[in-house]
Amino acid sequence: MSVKQNILQIQSDISLALTRRQPGGNFVSEDVKIIAVTKNHPIEKMIEALDAGIHIVGENRVQEAKMKYDQMNVEKRLSWHLVGHLQTNKAKQAVEMFDLIHSVDSERLALAINNAAEKVDKRQDILVQINVSEEDSKHGIVPALKETAEFAVFISQLKNLKLCGLMTMAPFYDNAEEARPVFKELKRLFDGLVLMNIPNTELKWLSMGMTHDYIVAIEEGANMVRIGTGIFGVR
């Protein structure tokens, strides 16, 4: 199928998944945002997605994003998200490009982003990455409300950062149902954090779910899904 057909199918899947979502939840927006992950895909594919109604692109690496950003910066309709791990020495470039950074997972990185944002008079929107599955191969803080809250409070004291929610990556399972406990746990942490009413935060985004498991993630409360292969095909 074409990029446009893939997007239409994903939008249909999202609508159905929302009907199966349990009532209740602490969200500013119930709309599900599709982040088109463009890693290793060319500009031409990005333009196809943009023409099909996509407004958010996600990149995994700052260097690759920079090349595309410089070519696509005339497209004012696009919002840029960093969905991959960020090294502290790339914080300056990240702040210059990205509207939302999904992968903040340490005080050191938070400070680096805050310092870079201060220099350009920007308040950078971020998500905290939680390693819910506790895999050594994945980044993120430990999946406990105490540690998540302590990190959120730390971020709330940095004047050039705004904490907007949480993110996780589930393990890849052949059966997406096996990822459900991971998404359920991130939603539990999110709800607990919202109830704390931490000042200077705006908790509204729960970023979880990718091509193989986004339907389950939405059923469990995701309102941002990161989809690459499902839109653009295999890299």
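What follows is calculated from the coordinates using simple rules that are stated; it is not laboratory data. All figures in this text were calculated on a predicted structure; none of them were measured in a lab. Here Cβ is always computed from backbone atoms with ideal geometry, including for glycine, and neighbour counts include all displayed protein chains.
Helical content of the chain, expressed as a calculated mean residue ellipticity at 222 nm, amounts to -12000 deg cm²/dmol (DSSP H runs of 4 or more residues, -39,500 (n - 2.57) each, divided by residue number, nearest 500).
Result for the chain in a Gaussian network model with C-alpha springs under 10 Å: among D51, D191, D99, the largest mean-square fluctuation is at D51. Applying 0.36 nm per residue to the separation of T229 and K146 and subtracting their alpha-carbon distance, the gain on full extension is 26.4 nm. In the elastic network of the chain, a GNM with C-alpha springs shorter than 10 Å, the most mobile of I218, I35, I198 is I198.
I need to check one value: relative contact order of the chain, counting alpha carbon pairs closer than 8 Å and at least 6 residues apart, in percent.
On the way: 449 pairs, mean separation 52.9, N = 235.
Relative contact order, the chain: 23 percent.
Estimated at 0.36 nm per residue, the fully extended path between E178 and D99 surpasses their Cα-Cα distance by 25.3 nm. Between the beta carbons of N89 and Q11, assuming R0 = 30 Å, the FRET efficiency works out to 0.20 to the nearest 0.05.
Dipole size of the chain about its Cα centre, with +1 on Lys/Arg Cβ and -1 on Asp/Glu Cβ: approximately 520 debye, rounded to the nearest 20.
For M196 and S2, compute 0.36 nm times the residue count separating them, minus their Cα-Cα distance, and round to one decimal in nm.
On the way: separation 194, 0.36 × 194 = 69.84 nm, distance 4.46 nm.
Separation in residues times 0.36 nm, less the Cα-Cα distance, equals 65.4 nm.
I want to make sure I understand the PRE zone here: with the label point 7 angstrom from the Cα of K66 toward its beta carbon, which residues in segment 87-117 have backbone N atoms less than 15 Å away? Hits in segment 87-117 for K66 at 15 Å: 87-98.
Note down, for the chain, the three equivalent ellipsoid semi-axes (square root of 5 times each alpha carbon gyration tensor eigenvalue), biggest first, whole angstrom.
Numbers: eigenvalues 127, 109, 47 Å².
Gyration-tensor ellipsoid for the chain: 25, 23, 15 Å.
If you run the Gaussian network model on the chain, springs between alpha carbon atoms under 10 Å, then out of F154, F98, F190 the most flexible one is F154.
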